[in-house]
Amino acid sequence: MDTASPIDMQSITMAQVLDLYAAGRRDFSHLDFHEAWMPGLELPGIDLAQANLVSANLDGAVLVGANLGGCNLWRASLEMADLQAANLTRSILIRAQLSGANLNQANLSSSDLRLASLTGAGLCRSDLRNANLSYADLRNADLADADLRGANLTGANLRGVSLATARLGGASLDRAWMDPSPELSY
């Protein structure tokens with residue numbers, strides 16, 4: 001399939017996306033795939049910037065290095081998804097299910113993760129600067145070397161999380177649930 005051929009991106013189907021991706025196309029920004037059922041898809045490096053993925057099911061998807069900047073992933077399910085080194089800046093992830101997801105080295109700066117479930121998620125060396133994680137469930141998440149400067153962690157569940165190597169300058173931990181005597185570095 002010719003990757004330069006014109007396609008009506010407003011009515012594109014997931015089958016067409018997969019065909020175009022296989023042919024080498026990576027830019028699928030601004031698409032509307034709300035409530036799409038896409039578990040286990042392998043689309044590393046795909047560009048879905050500013051796409052509408054509200055309530056989409058991407059459980060177990062492989063989106064390593066993907067661009068999801070500015071995406072609306074409200075109530076999306078990304079459990080066990082591989083989003084290593086993905087760009088999720090300014091994304092809406094309110095009430096998203098990210099349990100067990102690999103978000104190591106991902107850029108989530110200025111994203112809205114209110115009430116998101118990140119239990120057991122890998123967030124090593126992730127960029128969460130100025131992210132809103134208020135009331136998010138981060139139990140047993142790995143935040144080693146994560147950058148949480150300016151993040152809002154109000155009411156977040158941080159039980160089983162070590163923040164010893166995380167950067168927390170200016171982060172709000174008001175009413176956060178933490179294990180006794182957490183090691184914090186500022």
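The values are calculated or read from the model by the stated rules, or taken from the named source; none is laboratory data. All figures in this text were calculated on a predicted structure; none of them were measured in a lab. Every residue, glycine among them, receives a Cβ derived from its backbone with ideal geometry; neighbour counts consider all protein chains shown.
Numbers below:
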item	result
Test: ASN72 is in contact with a strand residue (DSSP E or B) (Cβ under 6 Å, 6 or more places away or on another chain), at pLDDT 95 or above and closer than 24 Å to ASP47 by Cα	yes
Matching option when the condition is closer than 23 Å to LEU73 by Cβ, surrounded by fewer than 22 Cβ atoms within 10 Å (Cβ to Cβ) and among the aliphatic types (A, V, I, L, M), among ALA121, ALA85	ALA85
Search result, residues across segment 1-44 that are in contact with a strand residue (DSSP E or B) (Cβ under 8 Å, 6 or more places away or on another chain), more than 17 Å from ALA76 (Cβ to Cβ) and at pLDDT 90 or above	ARG26, ASP27, GLU42, PRO44
Breaking point among (1) on the phi > 0 side of the Ramachandran plot; (2) buried (at least 17 other Cβ atoms within 10 Å of the Cβ); (3) basic (Lys, Arg), for ARG167	(1)
When residues of segment 81-103 are limited to those that are β-branched (Val, Ile, Thr) and part of a loop (DSSP other than H, G, I, E, B), the one farthest from the chain's Cα centre (by Cα)	ILE94
Sole residue being over 12 Å from LEU88 (Cβ atoms), touching a strand residue (DSSP E or B) at 6+ places or on another chain (Cβ under 7 Å) and surrounded by fewer than 22 Cβ atoms within 10 Å (Cβ to Cβ), chosen from SER109, SER134	SER134
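Every residue, every condition in (1) surrounded by fewer than 20 Cβ atoms within 10 Å (Cβ to Cβ); (2) of a type in the set (S, T, N, Q); (3) in contact with a Cys (Cβ under 9 Å, 6 or more places away or on another chain), yes or no:
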{"position": "GLU42", "(1), (2), (3)": "yes, no, no"}
{"position": "GLY45", "(1), (2), (3)": "yes, no, no"}
{"position": "LEU48", "(1), (2), (3)": "no, no, yes"}
{"position": "ASN52", "(1), (2), (3)": "yes, yes, yes"}
{"position": "SER55", "(1), (2), (3)": "yes, yes, no"}
{"position": "LEU58", "(1), (2), (3)": "no, no, no"}
{"position": "LEU68", "(1), (2), (3)": "no, no, no"}
{"position": "LEU73", "(1), (2), (3)": "no, no, no"}
{"position": "LEU78", "(1), (2), (3)": "no, no, no"}
